[in-house]
Every structure is written in structure tokens, then in C-alpha cells.
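Reading through the C-alpha cells given below for one structure.
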Amino acid sequence: MHKVKNKDVFKASWTYHSAPESTGHVQIKKKYDLYIDGKFTKPVAGTYFDTINPSDHKKIASVAEATEKDIDKAVKAARSAFKSWSALTGRERGKYIFRIARLIQERAREFAVIESLDGGKPIRESRDIDIPLAANHFFYYAGWADKLSYAFPNRIAKPLGVVGQIIPWNFPLLMAAWKIAPALATGNTIVLKPAETTPLTALKLAEIIHESGLPKGVVNLVTGAGETGAAIVNHPDIDKIAFTGSTRVGKYILNATAGTPKKLTLELGGKGANIIFEDAAIDQAVEGIINAIFFNQGHVCCAGSRLFVQESVADLVIRKLKDRMKTLIVGDPLDKNTDIGAINSKKQLQTIENYINIGINEGGEIYQPDCTLPSKGNWCPPTLFLNVSQSHRIVQEEIFGPVLAVQTFRTIDEVIEKANNTPYGLSAGVWTDKGSKIFHLTQKLNAGVIWANTFNKFDATSPFGGYKESGFGREGGLHGLKPYVTFE
């Protein structure tokens with residue numbers, strides 16, 4: 001595998017806010033403040049942190065660090081706005097949400113470049129997947145805003161109040177859309193915190209929310225690290241917490257909200273099983289394996305990080321998989337040819353490298369295609385482990401990187417037992433030409449999302465969520481409205 005150099009790089013320059021929009025430049029400010037009560041506000045403590053481009057370790061911008069006092073201001077603004085926002089007709093709320101969706105579409109190119117700069121993901125994914133899906137979620141829930149009586153027939157649904165939302169760094173804009181859109185549609189007001197390593201598209205979203213004319217205080221955006229998130233979780237005047245992130249932090253939030261009246265939904269980690277039967281379309285399945293684990297550098301909670309291949313086709317699948325891995329291009333996220341971009345942070349790269357060493361020490365057979373990685377930035381080649389067992393840590397623990405562990409199986413019952421032998425229960429994939437086999441496995445696998453002859457396909461109309469240590473509650477679809485309402 002060889003990195004494509006100086007070829008077909010995404011034609012987009014980026015500059016600071018002083019550049020006019022008509023130039024086509026992507027606008028990135030030198031410094032970002034908090035968005036509270038309809039305006040950008042300096043943090044009380046006056047402290048800022050840097051957001052770093054993971055592909056070259058260069059500073060992109062300074063971002064405000066919110067403290068408890070800032071969170072209190074944001075919650076008060078949201079509480080003040082709640083009465084009037086919830087009193088609006090669903091039709092009126094829907095107009096605002098629809099306007100936000102249209103503005104995302106209009107600024108899609110800008111969002112895509114910022115997402116790849118700040119997070120490291122390939123521009124092709126940001127442009128073709130993240131940004132369109134984010135707009136689709138706002139469009140979808142704009143349509144539900146005046147139809148809640150149909151969503152919950154024979155029941156009177158009322159908004160919860162002020163919602164605290166905390167989102168991760170792997171899909172920053174998309175996760176913001178997943179959380180904000182249904183909360184707005186149901187009449188809630190919001191205090192949202194993006195991940196500290198990827199705040200820029202959420203802050204750009206705050207700008208277009210302001211441009212949309214959404215009443216002040218309805219959506220408030222605060223930035224910072226774990227302490228900022230803890231201040232949201234522990235604030236006494238927040239009615240619900242919606243969190244997407246690691247299982248470790250999810251457990252902290254669960255304990256922190258226990259014994260309080262706060263509602264809670266958690267979308268946490270995963271260790272998805274991708275199951276290939278001997279009657280599958282092998283070439284199609286190999287492409288599915290690649291997408292399942294190497295999409296977004298493996299920074300995907302529902303990634304197919306455990307591969308189960310039926311023994312009779314295991315040698316063929318592994319040979320084709322290795323050949324396909326040799327063609328993957330690791331490099332510049334703004335290069336349209338890039339398949340695997342930069343690992344989100346130095347810390348996450350260290351975590352992935354530690355797990356690779358653990359896999360080697362556990363006796364796994366490692367395969368990494370020969371490739372030249374850039375000299376600067378956070379990079380990890382696509383990695384495959386063979387000869388692993390259920391007891392290996394790289395099989396049981398979430399790595400959150402481009403690392404795939406492969407096992408074989410003989411019978412349906414055997415693979416069901418192996419697939420379910422995990423503390424997680426978020427996703428799975430089944431590859432076979434037998435519909436009856438698909439339906440049988442979907443009844444037996446303990447996973448909230450199961451794909452058949454595909455993987456990592458998402459739609460605003462479909463619910464998403466897990467079981468066990470993958471969390472509880474659903475986002476997306478009609479199911480995504482329910483966590484934001486209470487019933488009379």
C-alpha cells in the first residue's frame with residue numbers, strides 16, 4: 001500500500017473568520033466562546049483550550065472552557081426559554097428545525113472540511129455520510145414536531161424540560177443532530193457539550209442555529225473536558241441527561257443520577273460481531289468487513305470489530321481480506337482518495353497501540369499491510385489478528401480503532417454463543433443468501449442493531465441503541481422521540 005501524494009486533494013482552503021463567505025473559504029475563528037442564551041459569551045473563568053488537527057498536530061483554534069458557573073448560566077437560560085418554546089405549536093417548532101436542516105445543507109461543504117480537520121476522518125466520509133445524515137435528522141424530526149399525537153396515540157405527551165446532552169468525538173455533528181433534533185421537536189430546551197477534541201462543527205452548528213432565528217436560550221452550547229460534562233450531569237435543574245460515549249463514563253453518569261429525578265439515556269460502547277456464512281457472496285462480504293471495521297478509522301461504537309467466518313470459507317475470506325487491506329490508503333483526511341484518516345488524538349492512538357501489543361502478547365497472529373504512514377500526526381495502519389480466542393482481551397474489550405479480531409466457527413449455534421459472549425450488545429452483521437438464516441439469527445443475537453448483508457448503514461427513520469453495557473434507550477426514528485417526553 002502506498003500513500004497518494006499531492007493528488008486530488010480536496011479543493012478547499014481554510015482560513016479564519018475574517019475571510020468573506022463569497023471566497024469559498026472555510027471560516028474558522030481563532031477563538032470560540034460559549035453559546036448561551038442566544039449569544040456567544042466569554043467563559044466566566046476566562047480560560048481556553050486548543051483544538052488540534054490530528055493529522056499534523058497543528059493548532060486549529062482556541063475554545064472556551066466552561067466551568068460550573070457557565071453551566072449554571074446555560075441551564076438558567078434554557079429554563080427561562082422552556083415555557084415559551086414548549087408552548088409553541090408543533091408546526092412552529094418544526095419550521096425552526098427545518099430551517100436548521102436547510103442551513104446545514106447550504107453549508108455542507110464547510111461542515112465537511114471542518115469535521116475532517118478537527119476529527120481526522122476522510123473528507124469522503126464527512127462529505128457523503130456525516131453531514132447529509134445530520135441534515136436528514138433535522139428534516140425528519142421537523143416533520144414529527146406537529147404529529148406527536150400520532151407518534152403516541154391515546155396518550156398526551158409533554159416535554160421533560162431542560163435536557164443536558166453530551167456527545168462524543170467520533171461523529172461530532174451527527175451526534176449533535178441525533179440529540180438536538182428530537183429534543184426540539186418535543187418541546188424541550190437544551191444544554192449541549194461536544195467532546196473537547198472535536199468541538200468545531202458543534203460550534204459552527206451554534207452559529208447556524210443563531211442564524212435560523214431559534215429563540216434565545218432554547219439551545220445552549222458549552223465546551224470543555226470531563227469536568228464540564230460532570231457539571232451538566234450534576235446540575236440540579238436539569239431534567240434529563242442524554243449521553244453518548246464510553247461505557248466507563250456512562251457508568252459514572254448512571255451512578256451520579258441514581259436517586260435523582262433525572263431521566264437518562266446512554267448510548268455506550270460495543271464489540272460488534274460480523275458473521276460470514278459459507279453461502280454468503282464472498283466478495284460483497286469482504287467489502288462489508290472493510291466498511292465494518294475501517295470506516296472512520298474504527299472510531300465507531302457499532303464497528304464490526306469481531307469477525308466470525310465459517311470454517312469452510314475461512315481461508316478464502318482471509319486471503320481476499322488481506323488483499324483488500326493492501327489497497328487501503330492511509331493519509332491526509334482532506335485527500336479524496338484516503339480510506340483511513342488520522343486517529344482522533346494522541347491519547348486514543350496510544351490506547352490502540354497498547355491493545356495491539358496486548359494482542360501480540362496474548363499470542364494473536366498480527367497482519368498489517370506494508371504502508372508508508374505520514375511523518376506527522378496520529379496514524380495507525382489497518383490491523384488484523386488471527387488465531388485469537390474468546391478469552392483474549394482484544395476480543396472482549398472495545399479498542400475503538402482499526403483493529404479486527406478474527407475467529408472461525410462451524411455451526412449456527414456455535415457462532416451465536418460466541419457472538420453473544422461479550423459484555424456489550426450494540427450491533428451485529430449477518431452475511432448469507434438464506435433469508436431464514438437471517439431471521440433465525442436476528443432472534444438469537446443480543447444486539448440492538450443487526451444488519452443483513454451490509455454493515456454500518458444508518459437512516460434517520462431507524463432506531464439505534466443497545467443492550468447490556470452498550471447502554472439503554474434509542475435514538476433515531478419514532479423511538480427517538482420517546483426519551484424526551486413524559487405522559488400525563
(request) Would you point out the residue of the range 136-158, among those that are under 21 Å from Ser462 (Cβ atoms) and of a type in the set (Ser, Thr, Tyr), that is least open to solvent (accessible area, probe 1.4 Å)? (result) Tyr141
(request) Among the candidates Ala74, Ala108, Ala66, Ala101, single out the residue that is within 17 Å of Thr228 (Cβ to Cβ) and in contact with a helix residue (DSSP H, G or I) (Cβ under 6 Å, 6 or more places away or on another chain). (result) Ala66
(request) Considering every residue within the range 305-322, establish whether at least one is more than 30 Å from Thr432 (Cα to Cα), in contact with a Ser or Thr (Cβ under 8 Å, 6 or more places away or on another chain) and part of a helix (DSSP H, G or I). (result) no
(message) Going through Arg93, Arg127 one at a time, which residue ends up being out of contact with any strand residue (DSSP E or B) (no Cβ under 8 Å at 6 or more places or on another chain), open to solvent by 30 Å² or more (accessible area, probe 1.4 Å), among the charged types (D, E, K, R) and part of a helix (DSSP H, G or I)?
(response) Arg127
(request) Have a look at Lys69, Lys59 and point out the one that is among the basic types (Lys, Arg), more than 30 Å from Leu349 (Cβ to Cβ) and without any contact (Cβ under 8 Å) to a residue 40 or more places away in the chain. (result) Lys69
(message) What's the total number of residues in the range 442-452 that are more than 15 Å from Val415 (Cα to Cα) and either open to solvent by 50 Å² or more (accessible area, probe 1.4 Å) or β-branched (Val, Ile, Thr) (or both)?
(response) 1
(request) Please specify each residue of the range 190-206 satisfying the condition of being touching a residue at least 60 places away in the same chain (Cβ under 8 Å) and under 18 Å from Asp118 (Cα atoms). (result) Lys193, Glu196, Thr197, Thr198, Pro199, Leu200, Thr201, Leu203, Lys204, Leu205, Ala206
(message) Give me the residue from the range 466-488 that is among the hydrophobic types (A, V, I, L, M, F, W, C) and open to solvent by less than 60 Å² (accessible area, probe 1.4 Å) and, out of that set, nearest to Ala273 (Cα to Cα).
(response) Leu481
(request) Within the range 176-198, count every residue that is out of contact with any helix residue (DSSP H, G or I) (no Cβ under 7 Å at 6 or more places or on another chain) and closer than 19 Å to Val75 by Cβ. (result) 2
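Being hydroxyl-bearing (Ser, Thr, Tyr) and touching a Leu at 6+ places or on another chain (Cβ under 6 Å) narrows it down to one of Ser427, Ser470, Ser389, so name that one.
Only one candidate passes the filter, namely Ser470.
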(message) Quick check on my filter: what residues within the range 389-441 are among the polar types (S, T, N, Q), open to solvent by 40 Å² or more (accessible area, probe 1.4 Å) and free of Cβ contacts under 8 Å to residues at least 60 places away in the same chain?
(response) Ser389, Ser391, Thr411, Asn421, Ser436
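The values are calculated or read from the model by the stated rules, or taken from the named source; none is laboratory data. Not measured: the values here are computed from a predicted model. Here the Cβ is made from the backbone with ideal geometry for all residues, glycine too, and neighbour counts use every protein chain on show. Each accessible area value is taken on the protein alone, full model and side chains, heavy atoms only, with ligands, DNA and RNA left out. Shrake-Rupley method; radii C 1.70, N 1.55, O 1.52, S 1.80 Å.
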